[in-house]
Amino acid sequence: MQIPIYTTRVLATSEAPGARITARMNAQPFVQAAMQTGSVATELANQVGEYANMRYKMIVETQKNEAIFSAKEALMGLSSTLEQSTDVANIFDGENKYDEGVNGVFNELRARVGKNKYALQDFDSSFRQMEIPIKFRLREVVDLKIEKRRQAALLALENQQVSTLSDPNLDMTRDELAMSQAGLQNAHDQAVANGGVNPEIMGNVSQKVLIRALKNLIPAYAGDDLSLAFGLSSLLDQIDRVESGDLRPQDMVGIEHFPSHVVNMLQAVPAEEAKKVVQDTIKMAATFFNAAEKLEGEREEERNKSNVKAYNFVISLDKDEKVTLGTLKNILDYDDMKRVYETFGSDLSTEVFGSTAQRILFDGLTRQMWASPEQQAKMEKVLSSDTDLVFRDPGNGDGATYSMLNGMATQGTLTVDELNLNKAKLSLDQHTGLRNKIATSGNAFVTRATNIIKRRFNYDAQQAANNDSNLAAASKAAFEAADGALQEEFFNRRAEGKPMTSKEILAYAKEQIKEYEGIYLEQLKENFSEDLTSKLRALDGIDFNAEFQADPLAVLDRWYDGLTATQQSDLESKYFSAKANIRKYANKGLF
Amino acid sequence: MALFEMLTLGATIAGGLSAKSAANDAAAAAQRVGEFNAELIERDVGLLERQREIINRNAVTQERVERFRFAESQGSVVNQYSGAGIDVSVGTPLSVLRQNAREFEFDQANIDFNNQVTNQQINDQQENARLSAELSRMEGGATAAGLRAQGTTSLLSSVGSAARFGYGAGMFG
């Protein structure tokens, strides 16, 4: 028997146990995570920084721009100031005001930019860019001014020479004249040599100066004397003949009557220029002669006007009336007034009696032998009379006469004789007022102001002069008061030596209108009431009530339209009469 | 004005500091990762050592088993020769046995040789793993150093920017 034998068939594995771990950690995600975590804070800081930087840049830029703008303005201001400066020598030279000013502006405005170096660099660059054209423009202006000053200095030199040579009585020989001219010519030649002066434009300076001086000299010597001017013409003729050899200098006639400088000057300038100047002088002298004649005529006329006033005063003054020296000053001529001052002093408010004033005025007129025999006789009669006609007491003057005379005075037809004829019916103040009005009637400004017052108060001088009852009493009263006040003020101011100006006259007239307007309307209303009350009594059914006063024509028309045909026929004439009466008061501020 | 200047300056430096801090954190992370990977690789060295032990033990056991089996095979040969009435003390059977023994020893020598080769391979792999771990650490360190340098660069850059800004803004006079 074969015993079973177990034989192992399992072999130990030759493979080594365990496996290598190949997993590896990648550092990148962790690095990224750490970096990203940190980048949040970094980004935050960066954003904050960027924002702050942006704002900072904005502020810096704004400050820089403002500074540049201000700098431009300041530079233009500086330029403008220096342009107007007369100290042209110290702008770019000497004190160098321009550079000093520019540095001042630069430093002041640069400080406003802040500390940012780039902004400062930008400002510096912009400032220089701005400054350059301003500087050149200013330099141009300054150069022009210097040039003008230079020309002005030369011109002043010329003018001085012209002024010196223009004196007809200048004591200067021909040689001295030549030397003086040479000095002037030398100054101009030097200016030409230094440049900047055009010799073509300058021309012959010395000749020009002589001609200019001659144009002053000859009229100054003979411009207002026709005979001297003709004498110069004759002298010039002789000079011509001497120069042409037709006449010897020692044979010249009448030369000794002319100042030597005049003769020298006439000889020094070209003959045609001298002729022209002398001819112009003859024309001037002729014009002067005519003007003098005309002036004398006007003076005569003025004197005549004053004498008429004086005459009127002599025959119209009351012996006991008080007259101020100021009033006399407006009438008397200078010689007579001088005597008045010597006697009564120079205070124009000093008053003298009418009799004294009459004597002074009479003496003045007699001295001038102005009055006609009739006027002279009349004045002597007035002066020899011991008594005056007695004026009415103040406030008791005849209103109708006064209004009539005032109307005439307003028209300009009232004479002193006419006034004196009515003297007995007037009070002294009425008489004085009318006399003053006659005296001031020639003044155009017062007449214009009077016309304004007339229009406002519906005053008609013609109606007043004719004593026409159609002229409303209110108009008369208001005009006489306002115009009287104006005349008195005008007369008094002139007597005080402070005559009213045209503006003052107008203002015063307006003031018076304002003052008397209320009274005028009240008075007008009263007149209207008086006039219409009696008229309305004849018209049955219509009253002078508030409705009627507000619109009288409409009320009257309505009333008339409401009547029957028969009634209308009966009352027609009364209706039209009332209507005409109402129309008289229309457009006067009543309704 | 001064507020925005200071804010810009402060924010620029703060940005740099923040970047530096982030780079430092990233460097630490890189270093940690390098260390971690090195530890993983170093585990392979231990593993190979254990594999070597097992392979060696296995080779010893195998040799024992093979010797036992060889001895058993030689005994069987003797028995069979003896059973056939062949004297096994001289002549061919002994030669066969001797030849078997030489063959067997040759096999054992081959097996030893193979085992030595395997051990050598394990040695190489262990060295490789050690070097890999070292490399991993070095890489982590290098990455960390790079990141730290990057952070430092950012910080320096921000300080530079702040300095330029401060100079431009005229903060230093």
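The values are calculated or read from the model by the stated rules, or taken from the named source; none is laboratory data. Just so you know, these numbers come straight off a predicted model, no measurement behind them. Note that each Cβ is placed from the backbone with ideal geometry, even for glycine, and that neighbours are counted across all protein chains shown. Areas reflect the complete protein model, heavy atoms only, side chains present, ligands, DNA and RNA absent. Shrake-Rupley method; radii C 1.70, N 1.55, O 1.52, S 1.80 Å.
At a glance:
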| read-out | value |
| --- | --- |
| Nitroxide proxy distance, nm - points 7 Å out along Cα→Cβ at residue B:56 and residue A:41 | 5.4 nm |
| Above-threshold pairs, the threshold being 30 Å between Cα atoms, out of A:309/A:525; A:309/A:454; A:72/A:117 | A:309/A:525 |
| Solvent-accessible surface (1.4 angstrom probe) belonging to residue A:117, in square angstrom, nearest 10 | 50 Å² |
| Calculated SAXS-style log₁₀ I(q)/I(0) at q = 0.13, 0.14, 0.20, 0.25 Å⁻¹ - the range B:98-145, Debye, Cα scatterers | -0.52, -0.55, -0.72, -0.83 |
| Residues in the range A:104-119 occluded by at least 20 Å² - accessible area, probe radius 1.4 Å, against chain by itself | A:115, A:117, A:118 |
| Nearest 10 degrees, 0 to 90: helix A:502-537 Cα axis against chain A principal axis | 70 degrees |
| 222 nm mean residue ellipticity, helices alone, for chain B (DSSP H n ≥ 4; -39,500 (n - 2.57); rounded to 500) | -35000 deg cm²/dmol |
| For chain A: relative contact order, % (alpha-carbon pairs under 8 angstrom, 6 or more apart) | 8 percent |
| Tail beyond 20 Å, pair distance distribution of the range A:299-388 (Cα, percent) | 30 percent |
| Descending semi-axes in Å of the range A:501-590, equivalent ellipsoid built from Cα gyration tensor | 37, 12, 10 |
| Solvent-accessible area per residue, Å², over chain A with all protein chains present [probe radius 1.4 Å] | 57 Å² |
| Lys/Arg +1, Asp/Glu -1 at C-beta; the range A:160-312 dipole; positive extreme among A:264, A:173, A:216 | A:216 |
| Whole-angstrom Cα spans of the protein assembly as shown along principal axes, big to small | 228, 117, 53 |
| Loss of accessible area when B meets A, both sides summed, Å² nearest 100, probe 1.4 Å | 3400 Å² |
| Label-to-label distance, nm, for residues given as residue B:87 and residue A:233 (7 Å Cα→Cβ offset) | 20.6 nm |
| Cβ-defined net charge surrounding residue A:114, 15 Å radius [Lys, Arg +1; Asp, Glu -1] | +1 |
| Cα lying deepest toward the dipole's positive end in the protein assembly as shown, options A:102, B:157, B:78, charges on Cβ | B:78 |
| For the range A:335-426, fraction of C-alpha pairs farther apart than 20 Å, in % | 54 percent |
| Rounded to the nearest 10 Å², the accessible area of residue A:583 at probe 1.4 Å | 140 Å² |
| Within the protein assembly as shown: Cβ-based charge dipole about Cα centre, in debye rounded to nearest 20 (Lys, Arg +1; Asp, Glu -1) | 2420 debye |
| Chain A, accessible surface, carbon-and-sulfur percent (1.4 angstrom probe) | 52 percent |
| 12 Å beta-carbon shell around residue A:259, net charge (K/R +1, D/E -1) | -3 |
| Heavy-atom SASA rank of A:295, A:120 (probe 1.4 Å, accessible area, largest first) | A:295, A:120 |
| 12 Å beta-carbon shell around residue B:133, net charge (K/R +1, D/E -1) | -3 |
| For chain A, calculated [θ]222 nm from helices alone, where every DSSP H run of n ≥ 4 adds -39500 (n - 2.57) | -24500 deg cm²/dmol |
| For residue A:392, distant residues with modelled amide H under 5 Å away | A:426, A:427, A:428 |
